[in-house]
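Student: So that we are looking at the same thing, I have put the structure below in structure tokens.
What follows is calculated from the coordinates using simple rules that are stated; it is not laboratory data. As the structure is a prediction and not an experimental result, all values here were calculated from the model. With ideal geometry, Cβ positions are generated from the backbone for all residues, glycine too; neighbour counts draw on all protein chains shown.
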């Protein structure tokens, strides 16, 4: 029976390698600042650093594990750095209280069940988080609006299936080369935000992407335009 094997090829990097994210000329005047930013933010971002590096140092792990680590890391980054609520907390709590007061009688425990559901209802969905993370780099990924929606849907559907393994979610989950494609794209998005946290501007990051061999190879295989 034929078997498909998906493995990122290894290469021996050298100091002229086009695979390095940035070169010495990109950091000559601010290396100290970049390192200081990385260390200064370690307490806040350490779980996110760990999730990213786990996909590098455990590159032989299952694709599904690498995918979930990247999604979890991006979700945690958005929650800690961008936002973790859809609405102002006090306004939301007032609305929840109003809803619970007006809930009609239902099955035993229904009001309590609804209250637990609403407790986490103010958190942005993974779909919204990905949309906000992608927006500053739309031109880097060459996303059309339908392409961005298709990519986000593929990530969300795959995450949901790999988290719950419900049979009704299986059909929408990426696998094989499609899963590899999602992993490579999420990894690239993750790296762009790590560069941003180090202190590179969005324009500097875009310039680095334009001259990076690995990124250009990734974009050449792009399937969500």
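Student: Please give the helix 63-77 orientation as an angle from the longest Cα principal axis of the chain, in degrees from 0 to 90, rounded to the nearest 10.
Tutor: 70
Student: Report the Stokes-Einstein translational diffusion coefficient (µm² s⁻¹, integer) for the chain, Rh taken as the Kirkwood radius over Cα pairs, at 4 °C with viscosity 1.567 mPa s. Kindly include the intermediate steps, with their values, before the conclusion.
Tutor: Values: Rh = 20.0 Å.
In µm²/s, the coefficient is 65.
Student: How much FRET efficiency would the formula 1/(1 + (r/R0)^6) give for residue 207 and residue 85, where r is the Cβ-Cβ distance and R0 is 35 Å, rounded to 0.05?
Tutor: Here the calculated transfer efficiency is 0.55.
Student: What distance in nm separates the two pseudo spin-label positions at residue 150 and residue 62, each 7 Å out from Cα along the beta-carbon direction?
Tutor: The answer from the label model is 2.9 nm.
Student: How far is helix 177-198 tilted off the main Cα axis of the chain, in degrees rounded to 10, range 0 to 90?
Tutor: 80
Student: Here is a follow-up. Determine, for each peptide in 61-74, 117-130, the mean count of other beta carbons within 10 angstrom over its residues, then list the peptides with the highest first.
Tutor: In decreasing order of mean packing, 61-74, 117-130 become 61-74, 117-130.
Student: Once the Cα atoms of helix 42-57 and of the chain are each reduced to a long axis, what angle between those two axes, in degrees from 0 to 90 to the nearest 10, is obtained?
Tutor: Tilt relative to the chain: about 60 degrees.
Student: From the helices alone, meaning DSSP H stretches of at least four residues, give me the mean residue ellipticity at 222 nm for the chain, per-run term -39500 (n - 2.57), in deg cm²/dmol to the nearest 500.
Tutor: Taken over the chain, the calculation gives -19000 deg cm²/dmol.
Student: Kindly rank 86-93, 151-158 from highest to lowest mean number of other beta carbons found within 10 Å of each residue.
Tutor: Numbers: 86-93: 11.4, 151-158: 19.2.
Top to bottom by mean Cβ count within 10 Å: 151-158, 86-93.
Student: State, to one decimal in nm, how far the label point of residue 98 lies from the label point of residue 120, with both points 7 Å from Cα in the Cβ direction.
Tutor: Result for the modelled spin labels: 2.6 nm.
Student: Can you compute the FRET efficiency between residue 160 and residue 28 using 1/(1 + (r/R0)^6), with r the Cβ-Cβ distance and R0 = 35 Å? Round to the nearest 0.05.
Tutor: The calculated FRET efficiency here is 0.20.
Student: Separate question: Which order do peptides 96-105, 131-140 fall in by mean Cβ count within 10 Å, highest first?
Tutor: 131-140, 96-105
Student: If you don't mind, another one. Is the stretch 74-136 best put as rounded, prolate or oblate by its Cα gyration tensor, with a ≥ b ≥ c the root eigenvalues, rounded for a/c under 1.5, and otherwise prolate when a/b is larger than b/c, oblate when not?
Tutor: Values: a/c = 3.49, a/b = 2.41, b/c = 1.45.
Prolate is the answer for the stretch 74-136, as a/c is 1.5 or above and a/b outweighs b/c.
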